[in-house]
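The values are calculated or read from the model by the stated rules, or taken from the named source; none is laboratory data. All values reported here derive from a predicted model rather than from experimental measurement. FYI the Cβ positions are ideal-geometry reconstructions off the backbone, even for glycines, and counts take in every protein chain you see. What goes into the accessible areas is simple: the full protein's heavy atoms, side chains included, and nothing from ligands, DNA or RNA. Shrake-Rupley method; radii C 1.70, N 1.55, O 1.52, S 1.80 Å.
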There are 2 protein chains.
Amino acid sequence: MTRDPATAAASRQPPTMRDVAAHAGVSPMTVSRTLRDEPSVDRVLRERVLAAVEELGYRRNDWARGLRGGGATGLLGLVITNLGNPFYSQLATGVEAVAAEAGLQLLVGTSADDVARERGLVAGLVSRRVEGLVVVPAGTDQGHLAGSSLHGVPVVLATSPASGLAADAVVVDDFGGAREASRRLFLEGHRRIAFLGLSHETWTGQERRRGFTAGLAECGLEVDPELVVTTPAGDHDADTTLWRLMSAPRPPTAVFAANHRGTLAACRWVRSTGERLRIIGFDDIATAPLFAMPVSLVGYSPAELGRRAAELLLERVRGDVDDEPRRVVVATQLSHHGHVDVPA
Amino acid sequence: MTRDPATAAASRQPPTMRDVAAHAGVSPMTVSRTLRDEPSVDRVLRERVLAAVEELGYRRNDWARGLRGGGATGLLGLVITNLGNPFYSQLATGVEAVAAEAGLQLLVGTSADDVARERGLVAGLVSRRVEGLVVVPAGTDQGHLAGSSLHGVPVVLATSPASGLAADAVVVDDFGGAREASRRLFLEGHRRIAFLGLSHETWTGQERRRGFTAGLAECGLEVDPELVVTTPAGDHDADTTLWRLMSAPRPPTAVFAANHRGTLAACRWVRSTGERLRIIGFDDIATAPLFAMPVSLVGYSPAELGRRAAELLLERVRGDVDDEPRRVVVATQLSHHGHVDVPA
DNA sequence: CTGTTAGCGCATTCAC
DNA sequence: GTGAATGCGCTAACAG
């Protein structure tokens, strides 16, 4: 390996096909064909080209390639609210797995639940010519994803259906899961059952509340409005909310938490007071079997959510499906941890 | 084939600057300047251009832009072993945050701990002209990241230092954290202390074992080789290993688990047998305060790991740092959950 | 089987 | 202040 300054300075710029061609004593086209495994290249030249590629450490520039070849970038965009949240990161895993299998790379951005940031991310991804987009929407309306701004880039929504926009969506059976949970609590004998929701009402949150109410209605129980509370964003605030709920004149004997944050707050309350409170929560918690208190959980597979979304997206990218928006619903299952009362 | 505006509007192909220019009655250069906020553009033309952009829903093609403009792709690559693992996804969050702040997009790929896949991913990312690379390495040797194959694309390793390669690295204080844990167990009075490691010995695993041994050596205690065991990949296998360990003639009274998987296996053993066993584990577990048994954990911030890695990388990308490889060590802190014996 | 020409969408350079 | 050439790295389409 020569290491003289001139060579080092020159190699700061990656080599081009022309460099390889010159090195191998052929035309750039022969290099191009060789690298694309066209069978029509002579064995001898082919070897010379590959040797030159090896020696220069050449890597074909995929962007220049796509520019000429019709714009295929091999890119899929994923816009997610928060990668640090295990549910979303597992969803990302599912998307990535399907993308990788199709030979596509994932371009990821996080919106931090901010619609403005989401809009900016989507614009950036479109500028980078992604071939499709999986979006876990931040707000309740996705109108900004419609219109010509996407220029035909297909979009699939995850965790929430399209609102103000005709697009495919993959959602959890939020209604059904919550309904099953509240029915279960009734069958166990509970009559004062609280609902622990989120202050920032998402589509998901609304569905879970609807399911909760419907489940009890089927059992002939009307929900006491005082038992329907929402918890602000912070963990500490959730604890305060729970404390207030349980200090009421007629506290609930059971609580259904609409998401994993609420479930943990309820568990902390039980932990710190030692009181009895039956808890069912939406979202799986991997370590629940180790908890000091019994808990039941409405679980689902976030990775499957991601996989299904990516699959729908790939069908759109390939164009082998008609325009009608589709919806996929991922099932939930109720699991029990610790000793749980058996319904009579 | 030339594109006249009418055809462009009807076609699925996104509009180009030429289309916008024609629509606004100016030259493509004026569009280019306007979109780059050059002040030298007349207000009137500027407005006309922006109107045309709006009307056509035009998005500048970032790849063509980079191709002409010196190759700046605005891309950072992240190769991670498994996005579904909360530690790595939080690490990804840290990288993404720093990248986003610098106006860069993240291209993510998962290696599934497979060196061959890692090599392929890196090659693909280099072909896509990422400006830098954060890699959570799969194997113990990263020789394949060296050589001219990267062509000057800077790399920063996370969770493990560079081996067979001169690159920056950000690591956890694995040695120090494990050392503190084993000393703590000794001070609490334990003399038969087990080490629960991983079968697939990573650099991280070795450091934690070294720290464990060193901590006890400082206390004058030699480690009984029978108490040093490794757990295979699966959760079920880990449980088997633990059961065997605890069924030995002289079982340990305390165990140090080298990672979160081992910690949970130990907790499950306590849960299912009801026996006493003092547990300290490496890696934080968010729900540990809710566990039925006391646990101490050696924690650190994966997000900070990611942030620091991205920061080092950006300095390299900007070239404002010399060649010498740097190493950043992220501190650990020991936390206690549930009732834990106080050292005499 | 191989090389030449032209152009993907944009920005640098230099005229006007 | 604006526009016309020219080329970034690569590859269809067409020669040879």
Do we have B:Ala64 as of a type in the set (A, V, I, L, M, F, W, C), modelled with pLDDT of 90 or more and either surrounded by 12 or more Cβ atoms within 10 Å (Cβ to Cβ) or not assigned by TED's automatic domain parsing to the domain that holds B:Gln105 (or both) here? yes
From (1) in contact with an Asp or Glu (Cβ under 8 Å, 6 or more places away or on another chain); (2) of a type in the set (A, V, I, L, M, F, W, C); (3) in a loop (DSSP other than H, G, I, E, B), pick out the condition that doesn't hold for A:Leu165. (1)
May I ask you to list the residues in the stretch A:251-269 that are modelled with pLDDT of 95 or more and open to solvent by 30 Å² or more (accessible area, probe 1.4 Å)? A:Pro251, A:Thr253, A:Arg268
Condition first: touching a Leu at 6+ places or on another chain (Cβ under 9 Å), more than 8 Å from chain A (Cβ to nearest Cβ) and open to solvent by 20 Å² or more (accessible area, probe 1.4 Å). Now tell me which residues in the stretch B:102-143 satisfy that. B:Ala102, B:Leu104, B:Arg119, B:Glu131, B:Asp141, B:Gly143
Top-ranked residue of the stretch A:202-225 - restricted to ones that are of a type in the set (D, E, K, R) and touching a residue at least 24 places away in the same chain (Cβ under 8 Å), ranked as surrounded by the most Cβ atoms within 10 Å (Cβ to Cβ): A:Arg208
Tell me which of these B:Trp63 doesn't satisfy, since it passes every other one: (1) more than 8 Å from chain A (Cβ to nearest Cβ); (2) among the aromatic types (Phe, Trp, Tyr); (3) farther than 30 Å from B:Val330 by Cα. (1)
How about the stretch B:17-34: which of its residues are near DNA strand C (Cβ under 8 Å from one of its atoms) and among the hydrophobic types (A, V, I, L, M, F, W, C)? B:Met17, B:Val20, B:Met29, B:Val31
Please go through the stretch B:270-316 and pick out each residue that is open to solvent by 50 Å² or more (accessible area, probe 1.4 Å) and either of a type in the set (D, E, K, R) or outside the structural domain of B:Gly205 (by TED's automatic domain parsing) (or both). B:Arg271, B:Glu275, B:Arg276, B:Asp284, B:Glu304, B:Arg307, B:Arg308, B:Glu311, B:Glu315
Only one of B:Asp37, B:Asp114, B:Asp62 that is within 14 Å of DNA strand C (Cβ to nearest atom) and out of contact with any Ser or Thr (no Cβ under 6 Å at 6 or more places or on another chain): B:Asp37
With the requirement that a residue be exposed (fewer than 13 other Cβ atoms within 10 Å of the Cβ) and free of Cβ contacts under 8 Å to residues at least 12 places away in the same chain, what does the stretch A:231-250 give you? A:Gly234, A:His236, A:Ser247, A:Pro249
Out of the residues in the stretch B:277-293 that are in contact with a Lys or Arg (Cβ under 8 Å, 6 or more places away or on another chain) and part of a loop (DSSP other than H, G, I, E, B), state the one that is farthest from the other protein chains (Cβ to nearest Cβ). B:Met293
Within the stretch B:43-158, which helices (runs of 4 or more DSSP H) (wholly inside it) include 3 or more residues that are of a type in the set (Ser, Thr, Tyr)? B:86-101
Search result, residues across the stretch B:151-194 that are more than 14 Å from chain A (Cβ to nearest Cβ), of a type in the set (Gly, Ala, Ser), farther than 14 Å from B:Arg208 by Cβ and open to solvent by 10 Å² or more (accessible area, probe 1.4 Å): B:Ala162, B:Ser163, B:Gly164, B:Ala166, B:Ala167, B:Gly189
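Residues checked against (1) modelled with pLDDT under 90; (2) away from DNA strand C (no atom under 11 Å from the Cβ); (3) buried (at least 21 other Cβ atoms within 10 Å of the Cβ):
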{"site": "B:Gly57", "(1), (2), (3)": "yes, yes, no"}
{"site": "B:Gly69", "(1), (2), (3)": "yes, no, no"}
{"site": "B:Leu76", "(1), (2), (3)": "no, yes, yes"}
{"site": "B:Ala92", "(1), (2), (3)": "no, yes, yes"}
